[in-house]
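A.B. asks: So that we are looking at the same thing, I have put the structure below in structure tokens.
The values are calculated or read from the model by the stated rules, or taken from the named source; none is laboratory data. Remember, it's a predicted structure, so these values are computed and weren't measured experimentally. A quick note on method: Cβ atoms are made from the backbone with ideal geometry, for glycine too, and the neighbour counts reach across all protein chains shown. The accessibility values were calculated without ligands, DNA or RNA, using every heavy atom of the protein model including side chains. Shrake-Rupley method; radii C 1.70, N 1.55, O 1.52, S 1.80 Å.
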Amino acid sequence: MRYVSTRGTAPELGFADVLLAGLASDGGLYMPAKWPELAIVGPDATYAQLAAAVLQPFVTPDIDAATLGRLCDEAYATFRHPATVPLVQIGDHHFVQELFHGPTLAFKDVALQLVGRLFDHVLGQRAQRITIVGATSGDTGSAAIDGVRHCDNIDIIILYPLGRTSEVQRRQMTTVDSPNVHTVAIEGTFDDCQDLVKAMFNDVSFRQRQNLSAVNSINWARVMSQVVYYVSACRTLRGPLTFCVPTGNFGNVLAGWIARHLGAPIDQFVVASNTNDILTRFIRSNDMSAVPVVPTLSPSMDIQVSSNFERLLFEMNGRDGAMTAEQLQRFRHSGTLAIEPDQRAEWLDGVFRAAKVDDAQTLDVIGNTYAATGMLVDPHTAVGLGAVQQLMQCGEVHGDVVTLATAHPAKFPDAVERATGIRPQLPAHLADLFDRPERTTELPNDLAQVERFVESVARV
Ligand SMILES: *Cc1c(COP(=O)(O)O)cnc(C)c1O
């Protein structure tokens, strides 16, 4: 399998190089040069076996079947449910797929538990070490840390805004006792943290000295890993299914679109947004104008631009990288993304539906869901459930629907308690989270000091 950039000028690479590169050198995102067949897998396969079979064509020839099978087994053994990503029925035609049984209680574990192991394997083969730096406002940091905490060839440094993450989220990062894991509380906002990370990557001599790498949601390996749970749900429920996806960077719903493109029996997708509804506006009324981000009860969906949308755009443009690059350039200047009516009709209409659910509605949904089913849902999942309710009422959605539950309710206990009066309990493996010692370093919003810190802990 070879990979091409969505902007058309970066060199084609194999899987291992794409994994380590993250972003393509022309600023684009990597996509498979051609789509493989969806693997045929016997009915008794475990989730890990299904993952190995579905993913094998994407990693050939860099990773052999035995190795991929072992890495998938190890990655999904960290999930605390025998079905890994269980389906729970909550209505006549409505199911929830719980993606939050991994170590850090958010769906990002599904990808990052595997991606961390893929990184470590490839680095070991090449006798290389890397330093992963990242910024987080919450879920990504802890999932990335947990994904690489046992990796010999990786040091990870995660920056988060001092005093601006939830206590559960901070403790999930700062209580990890591994010599290769470091967290830094920056005196600033999440944007300051992200700017520091960008500045470190733009400091070429620093980047090369430290062998900097990233595991953000534009990494192909993350998107690829997420294709598997769509396939898994289709095997269990037969299909055709509609999936509702609480959406931020569009990585998750893009993975679903790839599963559909490969032949999984998926009818359509519901893109669920909170008040930061750029994607809902785009899908419903062709308006993709970026407006400032407002904080909501579902912070992992508080985004302005959905970076993974570029991958769908590339397909819509008949895989023309130059055309995609030009379209994105115009978007950056004018603030509006121009899509031809026939392109919309072919690629978007009838495939993607969308709805917006604000904070008041989110709390209502958490309360109603608990009253109707006894199930506690987190605010991100509630945005998804609310979107399905809206679209079922107006007849845009029919047949069996699967809403992806992207976080465990105990990860966002305040919102759940506000809506239901019940404070969700952390699962047993995290029950003592508030008693574990924290380890972090506070630094000012200053590039030189942050770089010095990275240099002092990274073992490249
Ligand atoms: C990251 C995240 C999302 C958004 O996923 P995208 O792939 O960015 O669209 C939704 N819910 C939760 C809980 C998350 O952590």
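A.B. asks: Can you tell me which residues in the range 6-49 are within 18 Å of Val122 (Cβ to Cβ) and touching a helix residue (DSSP H, G or I) at 6+ places or on another chain (Cβ under 8 Å)?
C.D. replies: Matches in the range 6-49: Leu13, Phe15, Ala16, Val18, Leu19, Leu20, Tyr30, Pro32.
A.B. asks: Does Leu105 meet the test of being touching a residue at least 40 places away in the same chain (Cβ under 8 Å), within 16 Å of the ligand (Cβ to nearest atom) and open to solvent by less than 10 Å² (accessible area, probe 1.4 Å)?
C.D. replies: yes
A.B. asks: Answer yes if at least one residue in the range 144-152 is surrounded by fewer than 22 Cβ atoms within 10 Å (Cβ to Cβ), more than 20 Å from the chain's Cα centre (by Cα), within 23 Å of Phe15 (Cβ to Cβ) and not hydrophobic (A, V, I, L, M, F, W, C), and no otherwise.
C.D. replies: yes
A.B. asks: Name the residues in the range 297-342 that are assigned to a helix (DSSP H, G or I) and within 16 Å of the ligand (Cβ to nearest atom), would you?
C.D. replies: Pro299, Ser300, Met301, Phe309, Glu310, Arg311, Leu312, Leu313
A.B. asks: Sticking with this one: Has the range 242-253 got at least one residue that is of a type in the set (A, V, I, L, M, F, W, C), more than 12 Å from the ligand (Cβ to nearest atom) and more than 21 Å from Ala106 (Cα to Cα)?
C.D. replies: no
A.B. asks: Please indicate, with yes or no, whether at least one residue in the range 437-450 is in a loop (DSSP other than H, G, I, E, B), closer than 15 Å to Val168 by Cβ and under 21 Å from the mean Cα position of the chain (by Cα).
C.D. replies: Looking through the range 437-450, none of the residues is in a loop (DSSP other than H, G, I, E, B), closer than 15 Å to Val168 by Cβ and under 21 Å from the mean Cα position of the chain (by Cα).
A.B. asks: Sticking with this structure for a sec: Can you tell me which residue among Leu123, Leu105, Leu87, Leu114 is in contact with a strand residue (DSSP E or B) (Cβ under 9 Å, 6 or more places away or on another chain), among the aliphatic types (A, V, I, L, M) and closer than 19 Å to Ser142 by Cβ?
C.D. replies: The unique qualifying residue is Leu105.
A.B. asks: Step by step: first the residues of the range 371-396, then only those that are open to solvent by 10 Å² or more (accessible area, probe 1.4 Å) and either over 14 Å from His94 (Cα atoms) or assigned to a loop (DSSP other than H, G, I, E, B) (or both), then the one that is farthest from the ligand (Cβ to nearest atom). Which residue is that?
C.D. replies: Ranking the candidates gives Gly395 first.
A.B. asks: Given the structure, is Asp139 open to solvent by 30 Å² or more (accessible area, probe 1.4 Å) and not hydrophobic (A, V, I, L, M, F, W, C)?
C.D. replies: In short, no.
A.B. asks: Taking the range 267-296 as the search range and keeping residues that are within 16 Å of the ligand (Cβ to nearest atom) and hydroxyl-bearing (Ser, Thr, Tyr), which one is most open to solvent (accessible area, probe 1.4 Å)?
C.D. replies: Thr275
A.B. asks: Taking the range 24-51, which residues are of a type in the set (Ser, Thr, Tyr) and either free of Cβ contacts under 8 Å to residues at least 12 places away in the same chain or out of contact with any strand residue (DSSP E or B) (no Cβ under 6 Å at 6 or more places or on another chain) (or both)?
C.D. replies: Ser25, Thr46, Tyr47, listed by residue number.
Yes/no matrix, rows are residues, columns are (1) in contact with a helix residue (DSSP H, G or I) (Cβ under 7 Å, 6 or more places away or on another chain); (2) open to solvent by less than 30 Å² (accessible area, probe 1.4 Å); (3) on the phi < 0 side of the Ramachandran plot; (4) of a type in the set (Gly, Ala, Ser):
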residue	(1), (2), (3), (4)
Lys411	yes, yes, yes, no
Ala428	no, no, yes, yes
Glu438	yes, no, yes, no
Leu443	yes, yes, yes, no
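A.B. asks: Determine which single condition Phe269 fails, assuming it passes every other condition in (1) more than 21 Å from the chain's Cα centre (by Cα); (2) under 19 Å from Ser217 (Cβ atoms); (3) modelled with pLDDT of 95 or more; (4) not basic (Lys, Arg).
C.D. replies: That leaves (1) as the condition not met.
A.B. asks: Report yes if Arg311 is farther than 28 Å from Thr236 by Cβ and of a type in the set (Lys, Arg), otherwise no.
C.D. replies: No; evaluated as a whole, the condition is false for this residue.
A.B. asks: Would you point out which residue out of Gly256, Gly263 is of a type in the set (Gly, Ala, Ser), modelled with pLDDT of 95 or more, open to solvent by less than 10 Å² (accessible area, probe 1.4 Å) and not in a strand (DSSP E or B)?
C.D. replies: Gly256
A.B. asks: Can you name the residue in the range 191-222 that is β-branched (Val, Ile, Thr) and surrounded by fewer than 24 Cβ atoms within 10 Å (Cβ to Cβ) and is also nearest to the ligand (Cβ to nearest atom) among such residues?
C.D. replies: Ile218
A.B. asks: Among the residues of the range 228-246, is any touching a Phe, Trp or Tyr at 6+ places or on another chain (Cβ under 7 Å) and open to solvent by 40 Å² or more (accessible area, probe 1.4 Å)?
C.D. replies: Within the range 228-246, not a single residue is touching a Phe, Trp or Tyr at 6+ places or on another chain (Cβ under 7 Å) and open to solvent by 40 Å² or more (accessible area, probe 1.4 Å).
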